[in-house]
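Enquirer: Dumping the structure here so I can ask a few things about it.
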Amino acid sequence: ALRARVADLEREVGEEKVREEALEAKQGELEATLKETKESLRLAVAEGAALRARVADLEREVGEEKVREEALEAKQGELEATLKETKESLRLAVAEGAALRARVA
């Protein structure tokens, strides 16, 4: 009876060692996966920070472009007004010249 019990216990110990080895292997896999996941997370966080910085830069650039565009539109308005005044002055000068030529003739 004792020999049978010893045999049963030895078999049970063997089975426990096999399960322990399987658990240790699974733990190793999980630790490797965790390490990879942490690295992926680190890279994703870094990429997110870089993207947020790029978005901020682009938003700043858009703001600067809008300011430049407004300045150009204002300058264009000034130039159009000056052109209109100059054309009117030219029209008056041409009319005056024609009137003077008519008086002289």
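Enquirer: Taking the chain as a Gaussian network, Cα atoms linked when under 10 Å apart, which of A46, A25, A56 shows the biggest mean-square fluctuation?
Expert: So, out of A46, A25, A56, the one fluctuating most is A25.
Enquirer: By how many nm would the segment from Q27 to A7 grow when fully extended, if each residue of separation counts as 0.36 nm and the alpha-carbon distance is taken off?
Expert: Length difference between fully extended and current span is 4.2 nm.
Enquirer: Would you work out what percent of the accessible area of the range 2-44, with all protein chains in place, is carbon or sulfur (probe 1.4 Å)?
Expert: 59
Enquirer: I've got another one for you. Loop only by DSSP, 11 or fewer other Cβ within 10 Å of the Cβ. Give me the trypsin sites (Lys or Arg not before Pro) in the range 17-53 that pass, ordered by residue number.
Expert: Loop-located and lightly packed - none at all.
Enquirer: Using only the alpha-carbon atoms of the chain, report the extent along each of the three principal axes, biggest first, to the nearest angstrom.
Expert: Taking max minus min along each principal axis of the Cα atoms, the chain gives 149, 17, 12 Å.
Enquirer: When the chain is modelled as a GNM with alpha-carbon springs shorter than 10 Å, which of G14, G77, G63 fluctuates the most?
Expert: Its mean-square fluctuation being the largest, the pick is G14.
Enquirer: Please name which of T86, Q76, V55 has its Cα lying farthest along the dipole of the range 44-105 towards the positive end, using unit charges on Cβ (Lys, Arg +1; Asp, Glu -1) and the Cα centre as origin.
Expert: T86
Enquirer: Accessible area per residue of the chain at 1.4 Å probe, in Å²?
Expert: 92
Enquirer: Another one. Provide the gained length on full extension for the span E73 to L90, in nm with one decimal, where the gain is 0.36 nm per separating residue minus the Cα-Cα distance.
Expert: Using 0.36 nm per residue and subtracting the Cα-Cα distance, I get 3.6 nm.
Enquirer: Please enumerate, by chain and number, the aspartates and glutamates with C-alpha under 20 Å from the C-alpha of K87, excluding those fewer than 8 residues away in the same chain.
Expert: Result set, ordered by chain and number: E78, E96.
Enquirer: Leaving out same-chain residues fewer than 8 places away, which aspartates and glutamates sit with a Cα under 17 Å from that of K66?
Expert: List returned: D57.
Enquirer: At 222 nm, what helix-only mean residue ellipticity would the chain give, in deg cm²/dmol to the nearest 500, using -39500 (n - 2.57) for each DSSP H run of four or more?
Expert: Roughly -38000 deg cm²/dmol at 222 nm, from the helical runs in the chain.
Enquirer: Also, quick follow-up: For K17, go through the aspartates and glutamates and keep the ones whose alpha-carbon is under 19 Å away, minus same-chain ones fewer than eight residues off.
Expert: D8, E29
The values are calculated or read from the model by the stated rules, or taken from the named source; none is laboratory data. From a predicted model like this one, the values you see are computed outputs, not experimental measurements. Neighbour counts are summed over all protein chains in view; Cβ atoms, including those assigned to glycine, are modelled from backbone coordinates with ideal geometry. Ligands, DNA and RNA are excluded from the accessible area calculation, which covers all protein heavy atoms including side chains. Shrake-Rupley method; radii C 1.70, N 1.55, O 1.52, S 1.80 Å.
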